[in-house]
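The values are calculated or read from the model by the stated rules, or taken from the named source; none is laboratory data. What you see is a predicted model, and the numbers here were worked out from it, not measured in a lab. Positions of Cβ are backbone-derived with ideal geometry, glycine not excepted, and every protein chain shown enters the neighbour counts.
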Amino acid sequence: MTMKLLRNLKLAVGGILIAGLAACGGGGGDGGSAGTGTLRLAVTDAPACGYDAVNVTIQKVRVHQSSSASETDPGWSELTLNPAVRLDLLGLTNGVLYELGQLPLPTGKYTQMRLVLAANGGTQPLANSVWPTGGKEVALKTPSGQQSGVKANINIDIGPNQMADFVLDFDACKSIVSAGASGQYLLKPVVAVIPRYISGVLGYVDPAIGGGVAGVSLQQSDGTIVKATTPDASGKFLLQPVAPGSYTLVMTAPGRTTAVVTGVPVTAQTVTPIASTSTPIALPPSGTATATGTAPVDTLVRAMQPLTIGGVVEVAGQYVDGVTGGYTFQLPVAAPLVAAYAPAPAPLVFSPDNLVAARYTLRASLNGYADKTEALPMLTAGGTKTTNFIFP
């Protein structure tokens, strides 16, 4: 209870904690030749898997007009938080944002951003930490975040006398990497920088799988996750901000059947409703099979499931262990339940996609190499399939 109260307090007074902004020039291009604009930044988060808290301490955000600029090159502009702000990322789900502040910038196109985190040690031994479910708080090792900053490629235009409004969207689930049997954890942040859209999707799942049990995501037809969150204790979820478009809504939970809603429309300035408190989406129990194996450190492995109607969805995904390279998924063997989107108050009509029951493809991604895929044989409840990936 104390942790939750502190988390809420941090979110409530976040704007007060920002005491300084430092602009250090435009850097490259034609920046500064036609006046200035403003960049406004906030932080949000996707769900984390198996953690009660994921804390990071942000010192500053740096932007540059050159995507290849090194940390020591001139031309960086900085948004400095003084003092640095320690955030529990898991308090930033379901559309909650933490305001980092505003930064005046010379006009022009900015293509690189670096998020600089405080180092663990001294008066802040747990500046960056993780609290595994059922365990205790331990430090997160963040070597890149401490020195040069976590690098993200961006495409932000700063116009004269205009505000560019963007959100740093952490994926805590894929950003936390265990380090073998050492009990240590590595923070390898996966951060997307997206415009602050008002549009999104609001929906409800069965409260029995709310409160951090279920995972909900909007995906493109190739299984790329656009936005993810976890429903609250009432089963309510909000996926926001999301760019206008048509998406597939995917709902998963341990030991439960996957539910999918296709063709979910997201329109500008609008939040699309899905289901309701009186008719929440249920995920029936399902037997599970184990997909496990190894891959080189820093490999992202995703369990993809095809749909008969076309396209695929991601059912699970994680970076391999930072020491052993191991990964493990528990995948439902029941046929996924699929419904076409219907605008409220029309009900969603789910049907089992029996032809793809227990069928998955593993996709492994490692920077610098082409993705590798492995189609698994039909899985059986209680069974195990081992797949090891080797690059190149």
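Of all the criteria given as (1) surrounded by fewer than 21 Cβ atoms within 10 Å (Cβ to Cβ); (2) touching a residue at least 60 places away in the same chain (Cβ under 8 Å); (3) over 22 Å from R302 (Cβ atoms), the one not satisfied by L168 is (1).
Scanning segment 294-323 for residues that are over 21 Å from the mean Cα position of the chain (by Cα), closer than 17 Å to T386 by Cα and assigned to a strand (DSSP E or B) yields a single hit, T294.
Taking strands (runs of 3 or more DSSP E) as the structural unit, no element lying wholly within segment 330-392 holds at least 2 residues that are in contact with a His (Cβ under 6 Å, 6 or more places away or on another chain) and in the same structural domain as V264 (by TED's automatic domain parsing). May I ask you to verify whether A381 is of a type outside the set (S, T, Y) and within 26 Å of P189 (Cα to Cα)? Considered against the rule, which asks whether it is of a type outside the set (S, T, Y) and within 26 Å of P189 (Cα to Cα), A381 comes out as no.
Picking from residues in segment 293-310 that are exposed (fewer than 15 other Cβ atoms within 10 Å of the Cβ) and either out of contact with any strand residue (DSSP E or B) (no Cβ under 7 Å at 6 or more places or on another chain) or modelled with pLDDT of 95 or more (or both), the one that is nearest to S175 (Cα to Cα) is P296. As a summary of the residue check, D52 satisfies the conditions (1) surrounded by 18 or more Cβ atoms within 10 Å (Cβ to Cβ); (2) in contact with a Phe, Trp or Tyr (Cβ under 6 Å, 6 or more places away or on another chain) except for the one numbered (1). Restricting the first member to segment 317-333 and to residues that are at negative phi and free of Cβ contacts under 8 Å to residues at least 40 places away in the same chain, and the second to residues that are surrounded by 19 or more Cβ atoms within 10 Å (Cβ to Cβ) and acidic (D, E), the beta-carbon pairs closer than 9 Å and six or more apart or on different chains are Y327/D321. The set of residues from segment 227-247 being within 16 Å of A275 (Cβ to Cβ), under 17 Å from the mean Cα position of the chain (by Cα) and not polar (S, T, N, Q) comprises P231, D232, F237, L238, L239, Y247.
All of (1) surrounded by 15 or more Cβ atoms within 10 Å (Cβ to Cβ); (2) touching a Lys or Arg at 6+ places or on another chain (Cβ under 8 Å); (3) of a type in the set (A, V, I, L, M, F, W, C) hold for M163 with one exception: (1). Being among the β-branched types (V, I, T), modelled with pLDDT under 95 and over 25 Å from T361 (Cβ atoms) holds for only one residue in V266, V323, and it is V323.
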